[in-house]
1. Based on this model, can you work out whether Pro346 counts as without any contact (Cβ under 8 Å) to a residue 40 or more places away in the chain and within 12 Å of the ligand (Cβ to nearest atom)?
2. Looking at segment 146-229, what strands (runs of 3 or more DSSP E) fall wholly within it and have at least 2 residues that are in contact (Cβ under 8 Å) with a residue 24 or more places away in the chain and touching an Asp or Glu at 6+ places or on another chain (Cβ under 8 Å)?
3. Quick one: in segment 65-78, which of the residues that are more than 16 Å from the ligand (Cβ to nearest atom), of a type outside the set (Phe, Trp, Tyr) and part of a loop (DSSP other than H, G, I, E, B) is farthest from Gln447 (Cα to Cα)?
4. For Glu89, state whether it is acidic (Asp, Glu) and within 16 Å of the ligand (Cβ to nearest atom).
5. Here are Gly656, Gly609, Gly635: which of them is out of contact with any Cys (no Cβ under 8 Å at 6 or more places or on another chain) and farther than 26 Å from Val837 by Cβ?
6. Scan segment 545-570 for residues that are surrounded by 12 or more Cβ atoms within 10 Å (Cβ to Cβ), out of contact with any Ser or Thr (no Cβ under 9 Å at 6 or more places or on another chain) and within 17 Å of Asp799 (Cα to Cα) and jot them down.
7. So, in segment 362-389, of the ones that are among the hydroxyl-bearing types (Ser, Thr, Tyr) and crowded, with 21+ Cβ neighbours inside 10 Å, which residue ends up nearest to the ligand (Cβ to nearest atom)?
8. Cβ-Cβ below 8 Å, separation at least six or inter-chain, first residue in segment 626-647 and polar (S, T, N, Q), second surrounded by 24 or more Cβ atoms within 10 Å (Cβ to Cβ): which pairs?
Amino acid sequence: MNQSANASRQFDAVVVGAGFSGLYMLHRLRELGMSVKAFESAGDVGGTWYWNRYPGARCDIPTTDYAYSFDPELEKGWTWSEKYATQPEILDYLRYVADRHGLRSDIEFSTEVTGARWDEQEKRWRITTDRGDEVWCRSYIMASGCLSVPKSPDIEGASRFAGPVYFTSRWPHEGVDFTGQRVAVIGTGSSGIQSIPLIARQARQLTVFQRTPNFSIPAHNGPASADRLMQLAGDRDGYRHAARWSRGGVPGELTDILGVTASDEVRRQRFEAAWEEGELFGILGVFADQGLNPASNDIVAEMIREKIRSAVDDLPTAEALCPKDHYFGTKRPCLDTGYFETYNLPHVRLVDLRTQPIISVTEAGIDTAGESFDFDAIVYATGFDAMTGALTAVDAIGRDGVSLKEKWATGPSTYLGLMTAGFPNLFMITGPGSPSVLSNMTVSIEQHVDWIADCLSHLTAEGLDTIEPTALAESGWDQHVRDCGAITLHPTANSWYMGANVPGKPRVFLPYIGGVNAYRQACDDVVSQGYLGFRLTGPGEDRCTDGIIRRMQPDVAIVLEMMAGMGLPPLESLPVADARAFMAAAGATRPPSPEVGEVTDSVMPGPGGDLAYRLYRPAESEGPQPVVVYFHGGGWVLGDLDSDDPLCRDLCARTGMIVVSVNYRHAPEDRFPAAALDAFAAVQWVDANAASLGGIPGQLAVAGWSAGANIAAVACQLARDAGGPAIRGQLLISPVVDSDMSRPSYADNGDGYVLTSALMRWFWDYYADPADRVDPRAAPLRGDLHGLPPACIVTADFDPLRDEGLAYARALEAVGTPVVDIQARGHTHTSLTMVGVVISGAPVRAEIAEALRGFVQADASMGAALQEPAAAG
Ligand code: NAP
């Protein structure tokens, strides 16, 4: 049939692609009674598994899990022959799915979508193809895959080679026989690592050109895991449900064992077990912290390097095969069958392009710096323009004539990885900003398809015809995606996850790393909150509940979840002694704090008796340093020198300043104004004794967190009134500056974020009588604010005290006091102090440290090199 004869057809939806996502999307939409047309550039269904026919191509998620779950009958009718099925078997599976659901009739094969333009009048997309088709559709759904557009070879002279050239991603259907040939393979990603051992079996001579060595573990392929099959047979639905709510899309327990604190024996045992298991999520999850903490990552990476060294006979080759320039997992690790051992074969040679770069491909082969190679065939396993390549290949033109390529010129921007503002009714399956390539793709695909299908069905039911994210929701999601990536080691690598493999591509961490479960919850929450962040329109209708679905820093959210899971009693329900004991016990479980040069405990005189203090001296510094007097938090009731020890170390290490942490008197034993008076006395004493403490006289700042910031602020007011000492600056982290609990931040954050309204009330009740709570020595916001030292005021989004901190900042500014205003996005009252636990707090503490240094830097001799803390964050 002449397909062009079908010009100007109308559909409810057009789906681009007939791989795993396109097939299921087509099926769901047809179930909803929608008219759908799918376009597929290949000659048949299969997507990735249609094109990537190179020898050795297999999935790297066990096939029991790498399969659809939407149709139990489909599962009953198909048995995988191996743990990791081969490409032909997976392609057969997809053909079987297409046949079983009669999907082919709605797919136009060998047809590429070349243009897509939104018509605002019609509220439809106009789609054009390379066959001259023009179709119109309400919804335009890109099911075009994350790794489907091959990277064009960015190698000098690539077109000059006279012999046959093969791309792993576009392998000839009839296969290739390399028998007797001299073959070059360029690239050692998954495709190279899977194909090299098999090409070596045929080739007379195989030369592998490696730019970056890759981590790979043995797949230990064989029959599907008996344990998994048993679980599936016993409770298929339960198993699939667990997959949907798992972190990576495959059921499994997550460990809470940290690499940095585990014993050598535990480290070895966990690593060997994962090595033997031969699964990606296992080896990526040997330790809970290996994706976050360089020290933990190094432990796993070094054990893998040991394995490589023991597998490869030739020492220089083994060393060249050992990845050392990126953290394990930050580039996609591979699963292999005999990859490293292949280099022990006499006809296989590794060329390390780091020491011997390619100068040019020639007619006869490849010239590197120093050597000329002749080949009969060249294989490119050089990867893909990942995640965005297929989306921008059809340069969709959205509202206002803006193209997707233009909009994404500095990197993709999406809401949930599903849609992007300015492109109504354009859906992406596993788009950038969704878990996609970091997860079991089939689970993520099904979730996206179901979400889109449910959304379209909702629009129909409500008589609506368009949906589009708002700019606010989208930028909020982009930020959340970045926040999730930023606490991991991923941004450090030149990986395709970062777009770094394609010259000129913006460097952005493309997928969402918060987990399949967290992501699914976010998508569900968007819907249950009335499609939060989407604008839905229809005849006479314009609905929008605008907002940001996830504002909290991801690691803060995890800590809160863990705490909620522990069912801890509210502190205010405990007797004071028990609350203090609880705090001390919690403190004992903290990870190691940053190293400083010296820590000494001593006492100083105070108005009610001696005050204990702890002095932190920076490492590797010579000569006197400026001094900061620090007061811990704890609502004037809890806390001591130990409670804020990590934060004091962090401040000391980051600023190169001496930190003197003072343990003032606490309520209820000593009520208002004991703590404030102690604070002022401590500042006076430190000022008077600065030189003997190793400090620079006159280079004095004060600091505190929470109630400690309260008495630090009060000490500044008292010092001003007393005519000294001169204080260069005040650092107030989440300060209590007023007793008025009616500000909106109490309503917003008074419950669920550790410091609650109830706990704050408990603190106030122990500390000060109601009449005293308006005294500026309890509520410094109510005092005279003229003539106070410059301030750095840190507030956190999810803190009941946020608004009073902001009010203090504004009030100080109003009387001309310079203020550094640090608003910690996505943090709680306590999270910035969780040094070594809440990684996202580290950049904020870096800003805080800069402000603190700024107080004294102008004329202090900061001769000492300021060092970064050993375990910052
Ligand atoms: P890849 O991981 O991007 O690897 C490409 C390789 O080619 C890298 O070693 C790269 O070196 C090298 N390369 C690229 N350009 C080069 C140049 N100009 N000169 C020299 N070397 C160059 O691509 P891939 O192996 O096709 O895999 C991509 C992804 O597809 C995988 O990470 C995986 O997610 C998926 N995949 C999965 C399987 C599976 O097991 N199911 C199989 C294949 C692919 P650099 O690292 O230095 O850039």
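1. Values: without any contact (Cβ under 8 Å) to a residue 40 or more places away in the chain: yes; within 12 Å of the ligand (Cβ to nearest atom): no.
Against the criterion (without any contact (Cβ under 8 Å) to a residue 40 or more places away in the chain and within 12 Å of the ligand (Cβ to nearest atom)), Pro346 does not qualify.
2. Values: elements: 165-167, 182-186, 205-210, 216-218.
Counting at least 2 such residues, we get 182-186, 216-218.
3. We begin by selecting, within segment 65-78, every residue more than 16 Å from the ligand (Cβ to nearest atom); these are 68-78.
Adding the requirement that they be of a type outside the set (Phe, Trp, Tyr) leaves 69, 71-77.
Applying the additional criterion that residues be part of a loop (DSSP other than H, G, I, E, B) yields 69, 71, 77.
Values: Ser69: 11, Asp71: 14, Gly77: 22 Å.
Among those residues, the one meeting the criterion is Gly77.
4. On the way: acidic (Asp, Glu): yes; within 16 Å of the ligand (Cβ to nearest atom): yes.
Yes, satisfied.
5. Values: Gly656 fails: farther than 26 Å from Val837 by Cβ; Gly635 fails: farther than 26 Å from Val837 by Cβ.
Result of the check over Gly656, Gly609, Gly635: Gly609.
6. Arg550, Arg551, Ala557, Ile558, Met563
7. Our first condition is that a residue be among the hydroxyl-bearing types (Ser, Thr, Tyr); within segment 362-389, this holds for 362, 368, 372, 380, 382, 388.
So of that shortlist, the ones also crowded, with 21+ Cβ neighbours inside 10 Å come out as 380, 382, 388.
Numbers: Tyr380: 8, Thr382: 4, Thr388: 14 Å.
It comes out as Thr382.
8. Ser643/His632; Ser643/Gly633
The values are calculated or read from the model by the stated rules, or taken from the named source; none is laboratory data. The structure displayed is predicted, hence computed values, not measured ones. Virtual Cβ from ideal backbone geometry, glycine too; neighbours counted across all protein chains shown.
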